[in-house]
Structures are given as structure tokens and as C-alpha cells.
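A.B. asks: Let me give you the structure first, and then I'll get to my questions.
The values are calculated or read from the model by the stated rules, or taken from the named source; none is laboratory data. Treat the numbers as computed from the prediction; the structure is a model and nothing was measured. No Cβ is skipped: glycine too gets one built from the backbone with ideal geometry, and neighbour counts run over all protein chains shown.
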């Protein structure tokens, strides 16, 4: 579905993230994404952070010029939406560990809400650089999830990476599945830890997506196109790939290492 809508609400979630809510009646599932278009500007792929009903939402982290322009949108402004695209999280598991790094919690929150509403038990491990950047902690609390946090600077919860919390939880509690979204190095560590505990892992992968139709090759990841084969992948498909957690494609399609140029 393609539509021009007017933003109904703008919420500053953390110092670096903003949520935009808008009317969009197309059915959507947790894990899917839409393409956001600012008239006169570029399109930007954004995972849906709110998926239920006729009011959808995206949560935007300031990463570059286009995302900052999206963040500057105000209630009443018009934006273009097309989608939703991609696959979804499987709601079958009954005991789920979600591991979110930074803005990755925006993808996991609606999935966790849907799982809890379906009777599943959710434990959430949320990580951020510092306490003010913890995204949707209150939302996870409100849905009834057991929540543990980690911050790089030790300002709240475990001092260090959220992978430390995930590894501890995997060693002490039984889970049917792990859902994770965040930096790929983080997801790789979570997947390895979960494999040791014999728990299946599903990773929501972010890549540069131009068309969302699997035609432009911008989001290629090994033999996959993230926009149509994902963005949710079982970890066993990702771990053998040389690019996963090591490199991505820039807007021109050139392969560059994470943190490189």
C-alpha cells in the first residue's frame, strides 16, 4: 500500500530517538518495515515500532542527514508511506528472550507485546550507551515483561554490554526462542551464546534498502536480499556469511567494513 498521510504525534523517546505516529490502515505484523518519504527528499526504510490497528508508528534514531530530517517532522506534516514489507517474528514460542541493543528495541517492542497478548512469557534484555538512551524500557515494563538492562557507562543496570546479560539469562533460565535486534556484532554474540544453550535465535537485520522489492541489490547480504528474505532471519542462515557482523553496503552498493569508509 502507498499513501500520503499526516503525522498525528511526535514523541521524543531518548536524546537520539523520536517516534512518529500516523494513520495507516494496511495490516502490519511485528518485524515488518515501511518506506518513509519526505516530499522533496529521499525514502528511508523504517521498521514499524507500532503495528496494531489503523495508527502505526516508526521510531527514528539520528544516524545521518535523512534520518535527522525525518526526526524534524512535526505533527500535521505530510509524509509518504509505502509498505509494509518483509517478514515477521513467529509467535509460536512460549518463553522468549528479547535482546535489544540501542534502537533495536523499537523492532522488538511490538513483537513482545504481540507475544504477551498471545500468552507468551517475555524476558527483555535492553542495552544502551547510557541510561537516558534506554529505549522503551517503560513499554516493556507495562506489557509485563521481565526487564534487565545494561549500559556501556554503568549508569543503569549491568555495567557493560547487553550481551553479558543475555549470556547470563541463557545460562540460568529456559527459553524457546531468542529475538534480537541491534548492532550485528551484538547479534552475532547473542546467536553464539544461544547456540551453546541450544535455543533458536531470530535476528532482525538492518541494511540500506532502496526499493524494498529485492530488485536494486542494495540490501544484499550473502545470497539474501534483506528486504524480501528478511529482515527477520534465523541465526543459522546468518552466522556462515562472511559479511554478517563484519561488513555492509553503502548507498552505492560498495561493500565496506563496519566502522570503515
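A.B. asks: Would you please name the residue that is nearest to residue 100 (Cα to Cα), looking only at residues in region 114-127 that are free of Cβ contacts under 8 Å to residues at least 40 places away in the same chain and either assigned to a helix (DSSP H, G or I) or in contact with a helix residue (DSSP H, G or I) (Cβ under 8 Å, 6 or more places away or on another chain) (or both)?
C.D. replies: Taking region 114-127 and keeping what is free of Cβ contacts under 8 Å to residues at least 40 places away in the same chain, we get 115-122, 124, 126.
Going one step further and asking which of them are either assigned to a helix (DSSP H, G or I) or in contact with a helix residue (DSSP H, G or I) (Cβ under 8 Å, 6 or more places away or on another chain) (or both), we end up with 115-117, 122, 124, 126.
Values: 115: 16, 116: 17, 117: 20, 122: 13, 124: 8, 126: 5 Å.
Ranking the candidates gives 126 first.
A.B. asks: Same structure again: Modelled with pLDDT of 95 or more, part of a loop (DSSP other than H, G, I, E, B) and surrounded by fewer than 16 Cβ atoms within 10 Å (Cβ to Cβ): does that describe residue 138? Step through it out loud before you land on a result.
C.D. replies: On the way: modelled with pLDDT of 95 or more: yes; part of a loop (DSSP other than H, G, I, E, B): no; surrounded by fewer than 16 Cβ atoms within 10 Å (Cβ to Cβ): yes.
No; evaluated as a whole, the condition is false for this residue.
A.B. asks: Within region 157-166, count every residue that is in contact with a helix residue (DSSP H, G or I) (Cβ under 9 Å, 6 or more places away or on another chain) and crowded, with 20+ Cβ neighbours inside 10 Å.
C.D. replies: Qualifying residue count for the region: 4.
A.B. asks: Any idea which residue in region 62-85 is farthest from residue 22 (Cα to Cα), counting only those that are in a helix (DSSP H, G or I) and in contact (Cβ under 8 Å) with a residue 24 or more places away in the chain?
C.D. replies: So in region 62-85, the residues in a helix (DSSP H, G or I) come out as 65-71.
The next check asks that each one be in contact (Cβ under 8 Å) with a residue 24 or more places away in the chain; those that pass are 66, 69-71.
Values: 66: 19, 69: 17, 70: 13, 71: 14 Å.
Checked region 62-85; the qualifying residue farthest from residue 22 (Cα to Cα) is 66.
A.B. asks: When region 1-49 is examined, which residues are found to be assigned to a loop (DSSP other than H, G, I, E, B) and within 29 Å of residue 129 (Cβ to Cβ)? Walk me through how you get there before you give the answer.
C.D. replies: Of region 1-49, the ones assigned to a loop (DSSP other than H, G, I, E, B) are 1, 7-8, 15-16, 24-32, 38-42.
Residues satisfying the conditions are 7, 15, 16, 30, 31, 32, 38, 41, 42.
A.B. asks: Also, quick follow-up: Which residues, taken from region 94-113, are assigned to a helix (DSSP H, G or I) and touching a strand residue (DSSP E or B) at 6+ places or on another chain (Cβ under 7 Å)? First the steps, then the outcome.
C.D. replies: First, the residues of region 94-113 that are assigned to a helix (DSSP H, G or I): 102-113.
Hits for region 94-113 are 102, 103, 104, 105, 106, 107, 108, 109, 110, 111, 112.
A.B. asks: Any idea which residue in region 167-182 is surrounded by the most Cβ atoms within 10 Å (Cβ to Cβ), counting only those that are farther than 26 Å from residue 244 by Cβ and touching a residue at least 40 places away in the same chain (Cβ under 8 Å)? Before you say what the answer is, go through the steps one by one.
C.D. replies: Here is the first cut: in region 167-182, the residues farther than 26 Å from residue 244 by Cβ are 172-174.
From what is left, the residues that are touching a residue at least 40 places away in the same chain (Cβ under 8 Å) are 173-174.
Numbers: 173: 13, 174: 9.
It comes out as 173.
A.B. asks: To continue, here is another question. Which members of region 42-64 meet the condition of being out of contact with any strand residue (DSSP E or B) (no Cβ under 7 Å at 6 or more places or on another chain) and either surrounded by 19 or more Cβ atoms within 10 Å (Cβ to Cβ) or under 20 Å from residue 219 (Cβ atoms) (or both)?
C.D. replies: In the first step, residues of region 42-64 are kept if they are out of contact with any strand residue (DSSP E or B) (no Cβ under 7 Å at 6 or more places or on another chain); the result is 42, 51-53, 62-64.
Once the filter is applied, which keeps residues that are out of contact with any strand residue (DSSP E or B) (no Cβ under 7 Å at 6 or more places or on another chain) and either surrounded by 19 or more Cβ atoms within 10 Å (Cβ to Cβ) or under 20 Å from residue 219 (Cβ atoms) (or both), region 42-64 yields 42, 51, 63, 64.
A.B. asks: What residue, of 156, 206, 243, is outside the structural domain of residue 13 (by TED's automatic domain parsing) and at pLDDT 95 or above? Even if it seems obvious, please write down each step before you answer.
C.D. replies: Working: 206 fails: at pLDDT 95 or above; 243 fails: at pLDDT 95 or above.
Every option except 156 fails the conditions.
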